[in-house]
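Enquirer: Handing you a structure now.
The values are calculated or read from the model by the stated rules, or taken from the named source; none is laboratory data. Since the model is a prediction, treat every value here as computed from it, not as a measurement. For neighbour counting, all protein chains shown are included, and Cβ atoms are generated from backbone atoms with ideal geometry for every residue, glycine included.
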Amino acid sequence: MTTKAEYMDYASRCKKADWYYDYSDDHSVYTRGRNEIGGLQAEAKADPIKQQLYDALKNSGWKNGPTPEQAAASIDSILQGVN
């Protein structure tokens, strides 16, 4: 069973991920970002709570996405019942 601390770690990795990798002119940055996001996606597909966290954070900071504060509130709401 995944603990709240492990979910918080996953959320932290989502927050720190290079969501803008596909705009890079440097192939190594692009590849590293693609692999990082791909790993987060794979984890999300295997765990419904991680999927909710991923969905809450993937668009944070984009023009039409949630603000960081809204994303943080979503995280708190998602993890409310997790021990």
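Enquirer: Please specify each residue of the range 22-38 satisfying the condition of being over 18 Å from Tyr10 (Cα atoms) and in a helix (DSSP H, G or I).
Expert: Correct list: Asp22, Tyr23, His27, Ser28, Val29, Tyr30, Thr31.
Enquirer: Moving on. For the range 34-42, indicate whether the set of residues that are of a type in the set (A, V, I, L, M, F, W, C) and closer than 20 Å to Ala5 by Cα is non-empty.
Expert: yes
Enquirer: While we're on this one: Restricting to the range 9-35, what's the tally of residues that are surrounded by 14 or more Cβ atoms within 10 Å (Cβ to Cβ) and either under 15 Å from Ile75 (Cα atoms) or touching a Lys or Arg at 6+ places or on another chain (Cβ under 8 Å) (or both)?
Expert: Qualifying residue count for the region: 8.
Enquirer: Do you know which of the residues in the range 39-69 that are in a helix (DSSP H, G or I) and surrounded by fewer than 12 Cβ atoms within 10 Å (Cβ to Cβ) is modelled with the lowest pLDDT?
Expert: Selected residue: Glu69.
Enquirer: Of all residues in the range 72-83 being touching a residue at least 24 places away in the same chain (Cβ under 8 Å) and assigned to a helix (DSSP H, G or I), which is surrounded by the fewest Cβ atoms within 10 Å (Cβ to Cβ)?
Expert: Restricting to residues being touching a residue at least 24 places away in the same chain (Cβ under 8 Å) and assigned to a helix (DSSP H, G or I), the top hit is Ile78.
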